[in-house]
1. Given the options 102, 325, 268, state which has the largest fluctuation in a GNM of the chain using a 10 Å cut-off (strictly under) for Cα springs.
2. Counting only protein chains, not ligands or nucleic acids, how are 221, 144 ordered by accessible area (probe 1.4 Å), most first?
3. For 54, 105, what's the largest-to-smallest order of accessible area, 1.4 Å probe?
4. When a/c is below 1.5 the answer is rounded, else prolate if a/b is larger than b/c, else oblate, so apply that to the range 280-381 with a ≥ b ≥ c taken from the square roots of the Cα gyration tensor eigenvalues.
5. Quick check: from the Cα gyration tensor, does the range 112-172 come out rounded (a/c under 1.5), prolate or oblate?
6. Can you compute the helix-only [θ] at 222 nm over the chain? Use -39500 (n - 2.57) per DSSP H run of at least 4 residues, normalise by all residues, nearest 500 deg cm²/dmol.
7. Percent of accessible area on the range 59-149 owned by carbon and sulfur, 1.4 Å probe?
8. Please report the spacing between the Cα centers of the range 344-406 and the range 248-287 in Å, no decimals.
Amino acid sequence: MSAGKSPRYNPLLALRDLHYRRFAIGSIISVLGMWMQKIGVAWLAWELSRSPFWLGLIAAADMLPSIFLSSYAGSLADAHDKIKVLRRAQSVAIVQSLVLAMLSWAGLTTVEVLFGLTLVLGISSSLEQPARLSLIREIVPPDYLHAAVALNALSFNLARFVGPVIAGALISEVNVGITFAVSGLAIACFSYTLAVIRVQRGMARPAGTMPGSGTADGFRYVLRHRGVLATLGLMGFSGISVGGILQMLPAVADALFARGIDGFVALMAASALGSIVSGTVTLLRPSSSRGVPGIAVAALCATASLVALALVPGFHFALIAIFCMSFANMHAGIAGQALLQLESEPGKLGRVMGIYSMIIRGGPAVGSFLIGAAATFVGMVIPVIGVAALAACYAAIIALAFRRPR
């Protein structure tokens, strides 16, 4: 009878692969540096301007280029060696980090200069992310793909938890410029790691594919695939609502709760902790078959927590609300990315991941800009509730449309 039993689920099997292990270690170092830079940029923007509008605009500069470039970058990833695409984009990011570090140490940074350099990093990140996301499928066997996606998300959020703590201490005790220098070093480490990674045999790129030539084909493919389209929509509305408010946490900490840099770091840590707990729970159990409806329900829970964050009477309640919001949002994010990785055709995965990158980076950019612009006139509460309600309506429609007949 034992021969009929399915093998016990082991989420760490993906790490047995040497090349995925190298990728995972290099990636977490890179993401740690990235989050340190994000904290440094967000706090420097607030310190230089004291304006929710500028804070939202600089957050948009980091993420908005994805709306225009990620779909092209996806076709670039399908047409070329993904590792080479990654390393070339990272070279630009390393230079950007070092320039920002030197200007900050010299006291020459203005909010306009910060906007320009953040835009450069946003362009670089837009070009690299589709290649980074679709590369996972070329490293890890299909049976371990869900575990690899969960491990990748978990490491991302471990870095999101540790990065703000380190950055906050460095900003308080040294100088904001040190966070940018460390970011450049971390990206350089990951670039070296990519040089010693090898992909699976049999994962050749489609013959005759030219960069940009398949961009429209990628959109047509997504529009024809009902489950992929609905999932990307859920990720988009989640980015505008949950992602948008995460970009505005310096203003939330200071304007709503008068907590300054310590409150900002505490909110970031609570958000990261919620994501880590959610990622761990997802990693330790086999993938479910709830598909799109499960993602939609998790998105609804995240938006409900976002409304609670806007309405809670005290800072400690806000920490609980943001923990719950990030827990639900991470569950939806892991399930959504796994569905896209498994449901997409291999030859179109780069383009699907390009559209996914456009959405998950562009959504927060749009959300932070809308919240920041509206908050200038009506305060933070009304814009936050507005984007949460919009996202909740879409998630409810998708949950009903994809519900399984009894």
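1. Fluctuation is largest for 102.
2. If we order 221, 144 from most to least accessible, we get 144, 221.
3. 105, 54
4. oblate
5. Since a/c reaches 1.5 but b/c is at least a/b, the shape of the range 112-172 is classed as oblate.
6. Using -39500 (n - 2.57) per qualifying helix, the result is -26500 deg cm²/dmol.
7. 69 percent
8. After rounding, the separation between the Cα centres reads 19 Å.
The values are calculated or read from the model by the stated rules, or taken from the named source; none is laboratory data. What you see is a predicted model, and the numbers here were worked out from it, not measured in a lab. Cβ sites come from the backbone with ideal geometry, for glycine too, and all protein chains shown count toward neighbours. Accessible surface areas use protein heavy atoms only, side chains included; no ligands, DNA or RNA. Shrake-Rupley method; radii C 1.70, N 1.55, O 1.52, S 1.80 Å.
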